[in-house]
Amino acid sequence: MSTPSSPIRGPVEAPRQIRTLKIDGFDVSGRAEQTILQVALEHEIDIPRLCHVEGLSAIGACRLCLVEIRATGRLVPACVTRIEEGMEVITDSKRIQKYRRSLLELLFAERNHICAVCVANGNCELQILAEELGMDHVRVPYLNPDVPVDASHKQLAVDHNRCILCTRCVRVCDEVEGAHTWDVEGRGVDARIITDMRQPWGDSGTCTNCGKCVELCPTGALFEKGTCVAELERREFLPYLTAMRRTEQ
Amino acid sequence: MIPEELKDVAAQWQEQAGQYAHQVYVCTAAGCLSSNSDQVLESLQKEVKDRDLHEQCLVKGVGCMGLCAGGPLVAVQPDGVLYAHVTPEQAPAIVDALGDEPAADLEAIEADAPFYERQEPIALENCGRVDPESIEECIGADGYAALARCLTALSPTEVVNVISKSGLRGRGGAGYPTGLKWSTVEKARAERKFVVCNADEGDPGAFMDRSILEGDPHRILEGMAIAAYAVGADQGYVYIRAEYPLAIERLRKAIRQAKRMDLLGGDIMGSNFSFDIQLRLGAGAFVCGEETALMASIEGKRGTPRPRPPYPANYGLWGYPTLINNVETFANIGPILREGADWFAGIGTEKSKGTKVFALAGSVLNTGLIEVPMGTTLREIIFDIGGGIPDGRAFKAVQTGGPSGGCIPEQYLDVAVDYESLRELGSIMGSGGMIVMDETACMVDVAKFFMEFCRTESCGHCLPCRAGTPQMLGLLDRITRGEAVMRDLEMLEELCDLVRNTALCGLGQTAPNPVLSTLRYFRDEYLAHIEDRTCPAGKCKMRSTTEVNR
Amino acid sequence: MSKARVATAWLEACSGCHMSFLDMDEGLLELAELIELVYSPLVDAKEFPEQVDVTLLSGGVGNEEQLELVRHIRPRTKLLVSLGDCAVTGNVPAMRNHIPVEQLLERTFVQEADLNPGAPEAVVSPLRPKVQPLHNFVEVDEYIVGCPPDAELIKFIVSELLQGRIPGRGVRSRFG
């Protein structure tokens, strides 16, 4: 994950070329190098997403931003698919809604998400998406994994029960802070985010205590100590930071 | 070495080999080696030496001869005799029978047995014939001649055209036209390009690539060098799983030998074309056979796939155009350039040209490695070449394509095998694993086996595969324990649809295939498990209570 | 018009969902015009009656008695509503799910006990291995999420159900 210029789907075109396309029936346009998600958001068409954050590399992992390309009927992740001339994109249909709800069900069943006692209650992207997409119960069995909480850091803590493996923490730590404290270990459903070589967070030699991971965590998996149920607040910092860096360059 | 010298080496070796009145080949591929063929080789060498025959009789270790079920295998030429299940103690009897009728008390296999008669070796043409550890011998068997011809007589574009015209398609599974891939990389403009050989063979029951690498490693190096010349690459990698120590050792040796003879490295054969090959060992992750995960692994990152496009041909290793082909694909390159595109295109079916190597495994008499023309029927493969099902049991299904493939039932045994026909049947060609199952196999249990594999091998990057495979496995487990209700089957089918349509990479998208194909052909068995709480094959231990609890 | 027969029950949960039900305040008076509360922790009936129209169940299934009750209730009610996060997800009681029951009892009733150490064997129903949502055992017709669900939401959904409409996903409500 060390290349910030992560590959984006679609042909690499000369910059500043304008493409016109339809999203949900609306005629919209964007620059050739933009993704469907970027253009949709610019036109106030919201697409659900959990792993993607503007300012970090796009990885297409959570699959919630899947949209349908009308010509082929194929589903593509909006966060990593470049716009193309004449493209018709459907961001919301019965089929897409069903898939998104099922994906959320899989997430809720994967770890132990107890909204009622979570620091992020009311301010959790997972919880809010479930509400918005009408996921009112989980039909698959809860896996109830036995996963730890690491509270060894003096100000911050990680509760793996609430982690959805979006890897925002991994990317912001690597691509913005430059510390690369976070990474992922293990395979499949046993994958976990780890600090350094799976040392306790408090023993990490690379963590700069900057807290960017906590700010970007979509759930209550990463939080400041001393935060109680529903007390977690988040500050939007990445857009300012990236804008500042751009001006400096 | 220049091309003329190459011919000299070949001629020299052929002359040398011609001096021997007898040649005894002992299979030293992993299968036979595991039943002590190295000791057989040793005792034969000793026997020949003791009788002072070593000037008339050459005894050598060779690569896979195919009929793994008969291992250790020993072939005697020019007598054309093949002995199976040879023990070190039988060495004197074999030497006694040289130039004579096969020794009576040894198990001899007829040269015209259907197992060999129906095959058409191209990728495997030198496997079981040459000593994989001797580059001179490989050169004597036409090795590197095609590379020499490319460097002296063909432009890179001409090489690409030959491959395109041959109709060769990727042997790793998806069947993408090889020529088209080469041409994309050739046309890409970049400072650097790479060629990668995907030897991360991971399907359960598959050993095609391993056998080729163990039996004829120089063929792969030559294929890669030709590819590099054609697309303009100067660096190659063989990504090979660390579980193949013998193949790794032989590849290493082959690379060293080839470099010493100027067949790899700087200014190959006096031309201005340079190409080096390095090995990269996989650490046991199945998903690293997926090309984008493989590249991440070569770059030293966590082996997880990334979305495509961009395809490696445009954006590959470290962002440079990269050609990735499978072992067997590279193994076909030399012969195609040697014999011509038309010759290759004359073999096989309309859309699938050439031959395919299959690893025949499971409930079949002649388990082993075979190579047949595309278009051969499953029945010919399993019953003629494979010798049918042992112990008089009935055939039930054949699983092709590994965890991404599916099970094909008896009524489709006469379908001619090619990329399209298998896809229509709900399976895939895949890399060539073929597992035969008889009446004692429970198809739900088979689906569960493959789902367990996919769950374990999911990399965890994308949500549907990571969190969907354990759920599908859980449901299959409930079914095999007799605890499932119809709603569970519906849920299973829904999850199959979800994962197939939303997962990021090929591994995830095809993970439901073993379930979908067994549901398609053996739905009755699922229903028997659920509604009658019985396993028709008698494989699953069903819970006696009908209590439905989660 | 005869009054609808409504029941509520409280399984593996705190009393919060019932408190929220009572939080309807004057809404309770409107509701009382429409329903007869035939079984509930809030009334005296000891046996779950036959032919109930709507049953609100709070709490997941955590022990054998609760499972028995759920299975007793389902055929006796036309509509079954999972009321609150515990009934829908297992919620806080399900936080024990990754711990084996024996270990749980040992820790709670032996290691941490001040008096009479030992897990209870009689009187209380044996724990099931996991606390699970109601819909894992019986068909559920409507889900009201929240910990606890908002009183207004309960009132709205109950009145919709009484008028023969099942709101389903048409209603926005949030876990937690």
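The values are calculated or read from the model by the stated rules, or taken from the named source; none is laboratory data. Keep in mind the model is a prediction, meaning the values are calculated, not measured. In this analysis, Cβ positions are derived from the backbone assuming ideal geometry, glycine residues included, and neighbour counts consider all displayed protein chains. Note: accessible area is taken over every heavy atom of the protein model, side chains too, but ligands, DNA and RNA are not part of it. Shrake-Rupley method; radii C 1.70, N 1.55, O 1.52, S 1.80 Å.
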Study note, to complete from the structure: With the 1.4 Å probe rolled over protein heavy atoms, region B:336-422 has an accessible area per residue in Å² of 31
**Study point:** Helix-only mean residue ellipticity at 222 nm for chain A, each DSSP H run of n ≥ 4 adding -39500 (n - 2.57), per residue, nearest 500
**Key:** -6000 deg cm²/dmol
Point to revise | Long-range HN-HN contacts of B:L67 with modeled amide H, under 5 Å | key: B:L369
Exercise for review: Could you tell me the accessible area of A:M244 in Å² (1.4 Å probe, neighbours in place), rounded to the nearest ten?
Suggested key: 100
Point to revise | Crossing angle, helix C:64-73 versus chain C [Cα axis fit, 0-90 degrees, rounded to tens] | key: 20
Revision key, fill the gap. Given backbone amide H placed at 1.01 Å from N, residues whose amide H is under 5 Å from that of B:R169, ignoring those fewer than 5 places away on the same chain, are B:T178, B:K353
Exercise for review: State the percentage of accessible surface on region C:35-88 attributable to carbon and sulfur atoms; use a 1.4 Å probe and exclude ligands, DNA and RNA.
Suggested key: 48
Practice item. Check the cysteines of chain A one by one and keep only those with no other cysteine Cβ under 4.7 Å from their own. Key: A:C65, A:C79, A:C115, A:C118, A:C124, A:C163, A:C173, A:C207, A:C210, A:C217, A:C228
Check your understanding: For B:451-462, what's the mean count of beta carbons from other chains sitting within 10 Å of each residue's beta carbon?
Key -> 4
Check your understanding: Under a plain spin-label model, where a point goes 7 Å from the Cα along Cα-to-Cβ, how far apart in nm are B:R189 and C:E64?
Key -> 7.8
Revision key, fill the gap. So the angle from the long Cα axis of helix B:217-231 to the longest Cα principal axis of chain B, reported in degrees to the nearest 10, equals 90
Practice item. Could you check how many percent of all C-alpha pairs in region B:355-438 are farther apart than 20 Å? Key: 19
Review point. What ratio of Cα Rg to 2.2 N^0.38 Å holds for chain B?
Key: 1.01
Practice item. Rounding to the nearest 20 debye, state how big the charge dipole of chain B is about its Cα centre with +1 on each Lys and Arg Cβ and -1 on each Asp and Glu Cβ. Key: 2540
Check your understanding: For region A:77-155, which trypsin sites (Lys or Arg not before Pro) are in a loop by DSSP, counting at most 10 other Cβ atoms within 10 Å?
Key -> A:K154
Revision key, fill the gap. Among trypsin sites (Lys or Arg not before Pro) in region B:319-402, those in a DSSP loop whose Cβ has at most 16 other Cβ atoms within 10 Å are B:K351, B:R393
Review point. Rounded to the nearest 500 deg cm²/dmol, what is the calculated helix-only ellipticity per residue at 222 nm for chain C, with -39500 (n - 2.57) per DSSP H run of length n ≥ 4?
Key: -7000 deg cm²/dmol
Review point. Looking only at other chains, what is the average number of their beta-carbon atoms within 10 angstrom of each beta-carbon in C:81-88?
Key: 1
Study note, to complete from the structure: Descending packing, highest mean Cβ count within 10 Å first, for B:422-428, B:208-214, B:323-329 is B:208-214, B:323-329, B:422-428
Practice item. Quote the relative contact order of region B:388-482 in percent (integer), defining contacts as alpha-carbon pairs under 8 Å separated by 6+ residues. Key: 27
Study note, to complete from the structure: Taking Cα atoms only, helix B:513-527 is inclined relative to the longest principal axis of chain B by an angle, in degrees rounded to 10, of 50
Revision key, fill the gap. Binned at 10 Å starting from 0, the alpha-carbon pair-distance distribution of chain A in whole percents comes out as 7, 28, 34, 23, 7, 0
Exercise for review: Report the accessible area of B:I2, computed with a 1.4 Å probe over the heavy atoms of all protein chains in place, in Å² rounded to the nearest 10.
Suggested key: 80
Check your understanding: Can you give the net charge of the other residues whose Cβ lies under 15 Å from the Cβ of B:T184, counting K and R as +1 and D and E as -1?
Key -> +4
Study note, to complete from the structure: Of the residues B:F344, B:Q235, B:P307, the Cα lying farthest along the dipole of region B:227-362 towards its positive end, which is defined by charges on the beta carbon of Lys, Arg, Asp and Glu, belongs to B:P307
Study note, to complete from the structure: Heavy-atom accessible area of chain B with neighbours in place, 1.4 angstrom probe: carbon+sulfur share in percent works out to 47
Revision key, fill the gap. Mean other chain Cβ within 10 Å across A:176-189 is 4
Check your understanding: With labels modelled as points extended 7 Å from the Cα through the Cβ direction, what inter-label distance (nm, one decimal) is found for C:V110 paired with B:T87?
Key -> 5.7
**Study point:** Helical contribution to [θ] at 222 nm, DSSP H n ≥ 4, -39,500 (n - 2.57), averaged over chain B, rounded to 500
**Key:** -12000 deg cm²/dmol
Practice item. With θ set to phi - 60°, apply the Karplus curve 6.51 cos²θ - 1.76 cosθ + 1.60 along region B:464-477 and write out the HN-Hα couplings as whole Hz, x wherever there is a Gly or Pro. Key: x, 6, 4, 9, x, 5, x, 5, 5, 4, x, 5, 4, 5
Study note, to complete from the structure: Of the listed links B:K259/B:K351; B:K7/B:K253; B:K356/B:K539; A:K98/A:K225; B:K165/B:K253, those spanning more than 28 angstrom between alpha carbons are B:K259/B:K351; B:K356/B:K539; A:K98/A:K225; B:K165/B:K253
Review point. With labels modelled as points extended 7 Å from the Cα through the Cβ direction, what inter-label distance (nm, one decimal) is found for C:H72 paired with B:R149?
Key: 8.7
**Study point:** Amide H partners (placed H, <5 Å) of B:V195, local residues excluded
**Key:** B:Q235, B:G236, B:Y237, B:L323
